[in-house]
Amino acid sequence: MSDIVCLIPGDGIGPEVTSATRRVIEAAGVDIEWALLPAGTTALEFCGSVLPERTLAAIQGHGVALKGPLTTPIGGGHVSVNVTLRKRLNLFAAVRPVRNLPGIRTRFENVDLVIIRENTEGLYSGIEHEITDGVVGSLKVATAKASSRIGRFAFDYAVSRRRGKVTVFHKANILKMSDGLFLRCVRQEYAKDRDRLAYDELIIDNGCMQLVTDPSRFDVLLLENLYGDIISDLAAGLVGGLGVVPGANIGTSCAVFEPVHGSAPDIARKGIANPLACIMSGVMMLNHLGRTQAADRIRQAYDTVLADGDPANLTPDIGGRGTTESFTDAIIRALP
Ligand code: NAI
Ligand code: MG
């Protein structure tokens, strides 16, 4: 039976990397019916809205989406479409596996992290106001409900994936109430799993230093929203950059799979965007749908292309001189 998956091409390099992903999934023989849906700046031109209601309704209805990045203008009056989408669909957990890949040489070996980010509150609540001329306030929201929920998610994830340890990065020494509440709730959840997992906490500035000194000492990282955003890009830099880190946003009734990177306007429409992060997000999606054999075959295919290391196949961000298309073609040829 075919699954229906919502496909949101998005902005910038989004259409390039999502169509590459669709090609690879189809070449692997997976029977998926794609529901093409608008969102982002591109949608504004055609539908008069950056997040049309029918896009939200379709994701809610089908339960699964593959999404390209959406551009959010800096400053000005726009709320982020991504933040709105995650909140409206209650996609409370972002899951971002970060690992060394064959053939991509970086400063570190044995990096194998999973970042779990709280996706619905913190400073991302977007509650800002001007107190008086020249003075603004920005509210960091923490609730016991969301903090316990992400803690539970992280420990369940770690146990089910046979991970050994969860580390929380926080700033509860300064943000005593908000990060303090987050920590207390997470500790309560950990208490239920203490026989099955190791757990520790680091103040985030020290955590950053440790992460760039020896990332291999970390396993699952659990962070509130803004820290998770920043550490995700930092961690991507440890293994080859934003072109190689996938992600999933998981909620209670639906899941949206998307690369960690943004719309990369600097390279949009040049045909050189690395499609791998999106393809890997597609692999996470196939696993979520129970299509584990196809997921394994695609993973084997890109591992082969990367290990082979032919620069004619690979995109420039990982040392190649190829294109989005040459990389995608090579992965399709390498499918076992
Ligand atoms: P970005 O992630 O788009 O780009 C950062 C740098 O990484 C750029 O030099 C870009 O060329 C490079 N890069 C990113 N993805 C790449 C890929 N697949 N292949 C090769 N190189 C790649 O971050 P930036 O420039 O800060 O943000 C651009 C826009 O994207 C902003 O409007 C931002 O709000 C939005 N954004 C959207 C996200 C989403 O929809 N999930 C996530 C992050 C940012
Ligand atoms: Mg980000």
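Each reported figure results from applying straightforward, stated rules to the coordinates on display, with no laboratory input. Nothing here was measured: the structure is a model prediction, and the numbers come from that model. Here Cβ is always computed from backbone atoms with ideal geometry, including for glycine, and neighbour counts include all displayed protein chains.
Using every alpha carbon pair in the chain, what percent of pairs falls into each 10 Å bin from 0 up to the bin containing the largest distance?
Distribution as computed: 6, 26, 34, 26, 9, 1, 0 percent.
Listed highest first by mean packing, meaning other Cβ atoms within 10 Å per residue, what order do 132-138, 119-125, 98-104 come in?
Answer by packing, highest mean first, reads 119-125, 98-104, 132-138.
Along each of its three principal axes, how wide is the spread of alpha-carbon positions in region 107-238, in whole angstrom units, largest first?
51, 37, 22
What is the list of residues in region 300-336 whose amide nitrogen lies under 18 Å from a point 7 angstrom out from the Cα of T292, following Cα to Cβ?
Within reach of a label on T292: 300-301.
How big is the gap, in Å, between the Cα center of region 1-80 and the Cα center of region 140-199?
Result: 31 Å between the Cα centres.
Give me the extension gain from M177 to T106: residue separation times 0.36 nm, minus the current Cα-Cα distance, reported in nm with one decimal.
Contour length minus the Cα-Cα distance gives 21.7 nm.
Run the quick spin-label model on A144 and D31: label points 7 Å from Cα toward the beta carbon, then report their separation in nm to one decimal.
Calculated label separation equals 4.9 nm.
If you take every DSSP beta bridge fully contained in region 107-238, what fraction is antiparallel? Give it as a percent rounded to 5.
Bridges in region 107-238 that DSSP calls antiparallel: roughly 30 percent.
Give me Rg/Rg_expected for region 50-95, where Rg uses Cα atoms only and Rg_expected = 2.2 N^0.38 Å with N residues.
Normalised Rg, Cα atoms only: 1.20.
Which distance in nm do the two modelled labels at K192 and R162 give, with both placed 7 Å along the Cα-to-Cβ direction?
Going from the K192 label point to the R162 one covers 2.4 nm.
Relative contact order for the chain: what percent, with Cα pairs under 8 Å and sequence separation of 6 or more? It would help to have the intermediate numbers written out before the result.
On the way: 706 pairs, mean separation 76.1, N = 336.
The value is 23 percent.
For the chain, what is the mean residue ellipticity at 222 nm derived from helices alone (per DSSP H run of n ≥ 4: -39500 (n - 2.57); sum divided by total residues; nearest 500 deg cm²/dmol)?
-12500 deg cm²/dmol
5 Å is the cut-off here: which amide hydrogens, built 1.01 Å from N in the peptide plane, fall below it relative to V98, excluding neighbours closer than 5 in sequence?
For V98, whose amide H was placed from the backbone, the distant partners under 5 Å are L113, V114, I115.
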